[in-house]
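What follows is a set of notes on a single structure, which appears directly below.
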Number of protein chains: 2
Amino acid sequence: MSELIGYEEIKASLDKIDVVSEIEQGFAAHSQGRAVIPPVGELVFEDPPGETHIKYGYIKGEEYYVIKIGCGFYENQKLGLSTRQGMMLVFEQKSGHPAFILDDQGLLTDVRTAAAGAVVAKYLAPKKVHRIGIIGAGCQGRMQAEYLRGIVDCDELIVWGLNREELDDYVDNMQHTGYHIATTLDAAEVAASCNFIVTATPSKTPLLKAGDIRRGTHISAFGSDTPPKNEVESAILGKADIVAVDSLEQSQLRGEIYHARKAGYITDDDIVELGDIVTGKARGRSSDDQLTVIDLTGVAVQDIQIAKAVCKVISSGQS
Amino acid sequence: MSELIGYEEIKASLDKIDVVSEIEQGFAAHSQGRAVIPPVGELVFEDPPGETHIKYGYIKGEEYYVIKIGCGFYENQKLGLSTRQGMMLVFEQKSGHPAFILDDQGLLTDVRTAAAGAVVAKYLAPKKVHRIGIIGAGCQGRMQAEYLRGIVDCDELIVWGLNREELDDYVDNMQHTGYHIATTLDAAEVAASCNFIVTATPSKTPLLKAGDIRRGTHISAFGSDTPPKNEVESAILGKADIVAVDSLEQSQLRGEIYHARKAGYITDDDIVELGDIVTGKARGRSSDDQLTVIDLTGVAVQDIQIAKAVCKVISSGQS
């Protein structure tokens, strides 16, 4: 019988994990071909609209394999329910037997996604960041900023949101971080004043325009994880010095790179994988003049890394 | 928080479910296009050898969607562990929220597979079955015979196994069924004496040969669920009057039909879907002279049907 681990225990275990380092090692394993990661499984619902992704795989020779279920049902707000949900299932590689069911309600996906933003910043942020720009005032917009705190040496932050209410909530919720937070309803204002920008929205029309972006800017695009989603004008990828991605394979089917390639702005030869930058096989940013863009759709290796780290903490607490 | 339901409670709930009828309705929904069933997800392990399948989907407009994880690790016997494992996850279609985790350890997969054999018998068995042949003395070889008990009016059964030991076990375990059970180590003996045969082995070389099969025989092939597996010589499908399948789409990639099509014995036009036979859109057996073959690789709609029936029983017990 597998063991069901609840939200609070999972949340508490995170304090004992160096998440950014775990995720960084995961990207390296992925780009080195040490991970077996089949294509993402997907269920789409029309009424009410929703989507469920299944990301799964394993790193060869390790103890566990992981199947992660992540759900996004955007009308749940009307029901007073969380729009995101999910769980991670951890099985033994040597027998196939289930070991742990992490009923994290999507928490670990949020954390491993935000931690990927921190890994990116280590390799692609300009040395001198004047102001951090966050496009999207939701959960990931908050967590990305939190995870950048220890990596990017900058206290100034501006956040773009859909309306005043969510921007006010953002500022309230982020008091503890120590950022000086400005807010805006105009994404061009973020582009004009920031040289490190994170996008984290489900937008289907670009919020960042090529004409607004300054040289020397880095953009981490996190929101676009299905084919229709598109936050960053494809022309920006066309003029970038570095176009990176978490998974070359996944970028064939979804994300900003999918759009930019379809529009002819870039080809596969222009794209490097984050894990190759981590291991030094590909170059990261080499000057503060470069325009760099990374597109992340979320890779199962992140789920594998964080799930097994949580299981390790929980197992050691039980022993 | 989702509710974890254990093996014993799941097993007890089956007494209150007409499983064959549920599975029959599922095949109908599938062939009528009312089910959304993405391609099967698959993880393959090399050392030790093992495979994990993820089957998932939903019937439009219903309460739940289901994700089923099924594992086969054939060297587990050496560890004293079950070779099969799995669980079914049941989520709400209207919100994406997880409702039940059915930690069935593969039981429901075994049951829904055996029940499919009974559905097949309703439409494709000869009117007069002289003797039932079971190729494979494992769990599915037993359960198939059990589920045929109420459907096929025949007490005579012969079972083929790999060795005397597993055949003796089979006979011991099947005393309660009331069958007169003969055993053999020669699959040709099954072909020579039976006009209703079920194959349920992981064999990679055909056990049933075209020259041995009598006219008027029905064959249900259950064992071949990955591309290398092959229990039935492809020439048998070439001379069959009806070649049926549980899922046309899945048969493109795996199973007996995949082999027979590759070898040129049949084309897609020769194949009908079980659900279309159930609804009357395609014809089932119309005479005891016909040779009929069905290839089943297992469809998520079976998992959906049995999981939601179990959840209904469990919910009603709680209310």
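Data overview
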item	result
One residue from B:72, B:41 being in contact with a Phe, Trp or Tyr (Cβ under 7 Å, 6 or more places away or on another chain) and closer than 22 Å to residue B:249 by Cβ	B:41
Test: residue B:11 is at negative phi, basic (Lys, Arg), in contact (Cβ under 8 Å) with a residue 60 or more places away in the chain and out of contact with any strand residue (DSSP E or B) (no Cβ under 7 Å at 6 or more places or on another chain)	yes
Number of the exception - residue A:62 against (1) over 30 Å from residue A:228 (Cβ atoms); (2) at the interface with another protein chain (Cβ under 8 Å from one of its Cβ atoms)	(2)
Within the stretch B:65-107, considering residues that are touching a helix residue (DSSP H, G or I) at 6+ places or on another chain (Cβ under 8 Å), in a loop (DSSP other than H, G, I, E, B) and surrounded by 24 or more Cβ atoms within 10 Å (Cβ to Cβ), the one nearest to the other protein chains (Cβ to nearest Cβ)	B:96
Verdict on residue B:185 being touching a residue at least 24 places away in the same chain (Cβ under 8 Å), hydrophobic (A, V, I, L, M, F, W, C) and farther than 22 Å from residue B:297 by Cβ	yes
Residue within the stretch B:109-132 that is under 19 Å from residue B:64 (Cβ atoms), at pLDDT 95 or above, within 14 Å of chain A (Cβ to nearest Cβ) and surrounded by fewer than 24 Cβ atoms within 10 Å (Cβ to Cβ) present	no
Residue match in the stretch B:12-21 (condition: under 24 Å from residue A:45 (Cβ atoms) and either in a helix (DSSP H, G or I) or of a type outside the set (Gly, Ala, Ser) (or both))	no
Sole residue being under 21 Å from residue A:19 (Cβ atoms) and either touching a residue at least 24 places away in the same chain (Cβ under 8 Å) or not small (Gly, Ala, Ser) (or both), chosen from A:272, A:293, A:310, A:243	A:310
Output for the stretch B:257-288, where each listed residue is farther than 23 Å from residue B:56 by Cβ and small (Gly, Ala, Ser)	B:260, B:263, B:264, B:280, B:282, B:284, B:286, B:287
Enumeration of residues in the stretch A:176-200 that are surrounded by fewer than 23 Cβ atoms within 10 Å (Cβ to Cβ) and of a type in the set (Ser, Thr, Tyr)	A:177, A:179, A:183, A:184, A:193
Any hit, the stretch B:289-310, residues being surrounded by fewer than 20 Cβ atoms within 10 Å (Cβ to Cβ), touching a strand residue (DSSP E or B) at 6+ places or on another chain (Cβ under 9 Å) and more than 21 Å from residue B:63 (Cβ to Cβ)	yes
Extreme residue, farthest from the other protein chains (Cβ to nearest Cβ), among residues of the stretch B:1-33 that are within 18 Å of the chain's Cα centre (by Cα) and of a type in the set (D, E, K, R)	B:18
Those residues of the stretch B:35-54 which are more than 10 Å from every other protein chain (Cβ to nearest Cβ) and within 19 Å of residue B:112 (Cα to Cα), in sequence order	B:35, B:53
Among residues of the stretch B:108-129, those that are in a helix (DSSP H, G or I) and among the charged types (D, E, K, R), counted	3
Any pair with Cβ under 8 angstrom, 6 or more apart, that starts in the stretch B:152-168 at a residue that is among the small types (Gly, Ala, Ser) and ends at one that is surrounded by fewer than 15 Cβ atoms within 10 Å (Cβ to Cβ)	B:161/B:185
Single condition residue B:43 does not satisfy, out of (1) more than 26 Å from residue A:103 (Cβ to Cβ); (2) in contact with a Ser or Thr (Cβ under 8 Å, 6 or more places away or on another chain); (3) free of Cβ contacts under 8 Å to residues at least 24 places away in the same chain	(1)
Top-ranked residue of the stretch B:133-147 - restricted to ones that are closer than 10 Å to residue B:200 by Cβ and not hydrophobic (A, V, I, L, M, F, W, C), ranked as surrounded by the fewest Cβ atoms within 10 Å (Cβ to Cβ)	B:138
The one condition in (1) assigned to a helix (DSSP H, G or I); (2) more than 14 Å from chain B (Cβ to nearest Cβ); (3) touching a residue at least 12 places away in the same chain (Cβ under 8 Å) that residue A:176 fails to fulfil	(3)
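The values are calculated or read from the model by the stated rules, or taken from the named source; none is laboratory data. Predicted, not measured: the structure shown is a model, and the values here were computed from it. Neighbour counts run over all protein chains shown; Cβ positions are idealised from the backbone, glycine included.
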